[in-house]
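Accompanying notes for the structure given below.
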Amino acid sequence: MERVDHIGIAVKNLDEAVSYYTDTFGCPLLKIEEVESEQVRVAFIDAGNVKLELLEPMSETSAIYKFIEKKGEGVHHIAFGVNDIDSRMEELRGNGVQLLNEVPKKGAGGALVAFLHPKSSKGVLYELCEKSGEKEKR
């Protein structure tokens with residue numbers, strides 16, 4: 001993977017979580033948006049060398065809602081930034097890694113994302129994340 005892009009953290013209340021990171025640690029808030037397809041409100045916090053993606057469920061059908069119900073608030077996933085998500089997915093499949101997505105889908109900030117099944121990655125949910133224009137930067 002090229003770099004750690006962000007760490008996803010499941011939270012029950014986005015406004016309270018944003019205040020915690022901005023007030024307690026002095027980390028700047030970058031933006032807040034809704035990702036309707038995933039039924040989450042998302043805030044990106046600048047933590048210096050990595051972003052924190054705070055994820056609040058918008059409904060009980062959200063995967064984040066189910067995660068919080070089962071495990072409580074906390075680290076949900078680690079996202080690796082990639083330059084070519086299709087190639088990385090193919091490479092991972094070739095190495096026997098099970099993916100949760102057959103093809104990349106649109107995530108926060110318009111990025112293309114895909115997730116690795118935790119059973120194939122030592123119990124950790126990893127996300128591949130290709131931001132707009134990443135291929136052109138190579």
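The figures follow:
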{"quantity": "Tally of residues being assigned to a helix (DSSP H, G or I) and either among the β-branched types (Val, Ile, Thr) or modelled with pLDDT of 90 or more (or both) across region 103-138", "calculated": "3"}
{"quantity": "Residues of region 66-102 satisfying the condition of being part of a loop (DSSP other than H, G, I, E, B), exposed (fewer than 12 other Cβ atoms within 10 Å of the Cβ) and out of contact with any helix residue (DSSP H, G or I) (no Cβ under 8 Å at 6 or more places or on another chain)", "calculated": "72, 95, 102"}
{"quantity": "Selection count where residues are in a strand (DSSP E or B), touching a Lys or Arg at 6+ places or on another chain (Cβ under 7 Å) and surrounded by fewer than 21 Cβ atoms within 10 Å (Cβ to Cβ), scope region 41-62", "calculated": "1"}
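The values are calculated or read from the model by the stated rules, or taken from the named source; none is laboratory data. Quantities reported herein were computed from a predicted structural model and do not represent experimental measurements. Cβ sites come from the backbone with ideal geometry, for glycine too, and all protein chains shown count toward neighbours.
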